[in-house]
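Written below as structure tokens is the structure these notes are about.
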Amino acid sequence: MLAIVNACAVIGLEGCIVEVQTDFNPRAGLPSFTIVGLPDNAVKESRERVRSAIRNSGFDFINKAYVINLSPADLPKSGPAYDLAGAVGVLAATDQVPLTSIDGAVFLGELSLDGSVRHVKGIMPMVYTAQQAGFARAYVPADDAPEAALVAGIEIIPVRSLAELVEHLYGLNPIPAYFAVVDTAEPAIPDGLVDFADVKGQHFVKRALEIAAGGNHNVRLIGSPGTGKTLLARAMPGIMPPLSYAEALDVTRIYSVADMLQSDEPLVRYRPFRAPHHTTSQAGIIGGGSIPKPGECTLAHRGILFLDEVTEMSVHVLEVLRQPIEDKIVTISRAKGSLTFPANFLLVVAHNPCPCGYFGDPVKACTCTPVMIDRYQSKLSGPLLDRIDIHVNVARVEYDKLMSGERAEPSVNIRQRVEAARARQQARFAEHPHVVANSDMTVSEIDQFCVLAPEAKQLLELSVRRMQLSARAYHRVLKLSRTIADLADSDLIQVQHVAEAVQYRPQQRSM
């Protein structure tokens, strides 16, 4: 007898419906249990989990020949998410589950040997795929029901065990559907964040970070050890605007596939802040593997990617950051195809000016030779620096400011100005849904929305000629000027806005 049960696979961040076709042959001579359809080891081991779960749940596992085909057969299958569908298929093929009860539904979950249904990663994109494919309901592990219920338009049935599921399918003990109550109110700033009020001095750097948050511009912090580069970067989440509900769902989908969602908080409410170590590999930063998985660039989507001690990272790793910085996506190509992951993040990099850390320091002398300094600074190539909008020197904080009891402007005040600037941008780009902030503007949109006063045009022309700015740097100065004008609540980009934007361009290397 043949039974077809629907499950789902995750390819990158997208789902794909998989038919779990179970054929039971009671007349076969030797017992067997075969799974075909490009299964990996975790899927092949499903045979033992399904067999034990069925027996330990009180059902009959007839010791004859079973063949399970995972269709489409040319799609590689990985993970234990097919266990529940496989068990239901075996039960349906042996007349222990009514075939009519499994129509219009997908079954997702890993089975324990005792028949309990365990959590699997990627539930949200799988349920979304099922909803888009027209399925009426999804049977998911009870632990994953809050995450699955974020997808509207499909009934979510939380399943704790195989025995409970069979009773439900027979209508003996129906399982109530799960309905999520999502709090769409703006979340409070999470506890534990560094407040700008506690950072002494560094007013120029704080202003630069406010502009970066206001338009989602990339930042580079250069300074001697102990000047507060890391502290300032880690305070940035406190001034970032909150995620919209659509953005929160976008980020949640990524963290669902990466299996990084908190069990008590299925919806990601705060912008991600990722700070990988400088020894992280290319696959860790960009993503990859035999079955490509998202890397730090994608995990920082809609948030901040902070690379501390960036000059200690591999030059090859730094150069592959060019595409995600420019295109806001990561494309990973393999022999079997290519996958694209979103990577629209705000990049913050920090490093010392030289190997010893004290080149240009007014107090401590640098011990590096000119060759050492040049080699150290050259780790960040010109094309990579061109893609960073704001370059700031973080100076040493004077003793009097460190000992002062006066608190600086708190993060909440800065955040209010950032939110006001972002609100202006949302209204401006209402007919351009691909543009979230000023940094996302294309050349045509820059020409349309970056209108300069006559004096500002003259200053920009003079800056381009004297600083020998590339075309990319020219457009980035315009984007930055637009954000500074938004923070000043100005429709027209004035000369002071361009002047402030130009001063954030990097200076020529000199020893």
Query raised in the report: What number of residues in the stretch 479-502 are surrounded by fewer than 22 Cβ atoms within 10 Å (Cβ to Cβ) and either within 18 Å of residue 326 (Cβ to Cβ) or among the hydroxyl-bearing types (Ser, Thr, Tyr) (or both)?
Result: 1
Query raised in the report: Just checking, how many residues over the stretch 83-112 are closer than 21 Å to residue 134 by Cβ, surrounded by fewer than 24 Cβ atoms within 10 Å (Cβ to Cβ) and of a type outside the set (A, V, I, L, M, F, W, C)?
Result: 4
Requested in this report: State which residue is modelled with the lowest pLDDT when the search covers only the stretch 292-330 and only residues that are buried (at least 22 other Cβ atoms within 10 Å of the Cβ), out of contact with any Pro (no Cβ under 8 Å at 6 or more places or on another chain) and within 28 Å of residue 75 (Cα to Cα).
Outcome: 292
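Let's see how each residue does on (1) touching a strand residue (DSSP E or B) at 6+ places or on another chain (Cβ under 6 Å); (2) open to solvent by 20 Å² or more (accessible area, probe 1.4 Å); (3) of a type in the set (Ser, Thr, Tyr):
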| residue | (1), (2), (3) |
| --- | --- |
| 341 | yes, no, no |
| 356 | no, yes, no |
| 359 | no, yes, no |
| 367 | no, yes, yes |
| 370 | no, yes, no |
| 377 | no, yes, no |
| 387 | no, yes, no |
**Report entry** Residue that is least open to solvent (accessible area, probe 1.4 Å), among those in the stretch 25-49 that are of a type in the set (D, E, K, R) and within 20 Å of residue 115 (Cα to Cα)
**Finding:** 49
Report summary line: The residue that is nearest to residue 365 (Cα to Cα), considering only those in the stretch 460-475 that are of a type outside the set (S, T, N, Q) and open to solvent by less than 20 Å² (accessible area, probe 1.4 Å), is 473
Query - Whichever residue in the stretch 141-158 is touching a His at 6+ places or on another chain (Cβ under 8 Å) and acidic (Asp, Glu) and, among such residues, is most open to solvent (accessible area, probe 1.4 Å) - result: 143
Report summary line: Every listed condition ((1) open to solvent by less than 10 Å² (accessible area, probe 1.4 Å); (2) small (Gly, Ala, Ser); (3) under 23 Å from residue 238 (Cβ atoms)) holds for residue 275 save (1)
Query raised in the report: Can you name the number of the only condition in (1) out of contact with any Asp or Glu (no Cβ under 7 Å at 6 or more places or on another chain); (2) surrounded by fewer than 18 Cβ atoms within 10 Å (Cβ to Cβ) that residue 136 fails?
Result: (1)
Query raised in the report: Here are some residues: 50, 5, 20, 67. Which one is closer than 22 Å to residue 166 by Cα, hydrophobic (A, V, I, L, M, F, W, C) and not in a strand (DSSP E or B)?
Result: 50
Report task. Among the residues of the stretch 399-446, count how many are assigned to a helix (DSSP H, G or I), exposed (fewer than 15 other Cβ atoms within 10 Å of the Cβ) and basic (Lys, Arg). Result -> 1
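The values are calculated or read from the model by the stated rules, or taken from the named source; none is laboratory data. Just so we're clear, the structure is a prediction, and the values are computed from it rather than from any experiment. Using ideal geometry, Cβ is built from the backbone for each residue, glycine included, and neighbour counts are taken over all protein chains shown. Protein only, heavy atoms only, side chains kept; ligands, DNA and RNA dropped before computing areas. Shrake-Rupley method; radii C 1.70, N 1.55, O 1.52, S 1.80 Å.
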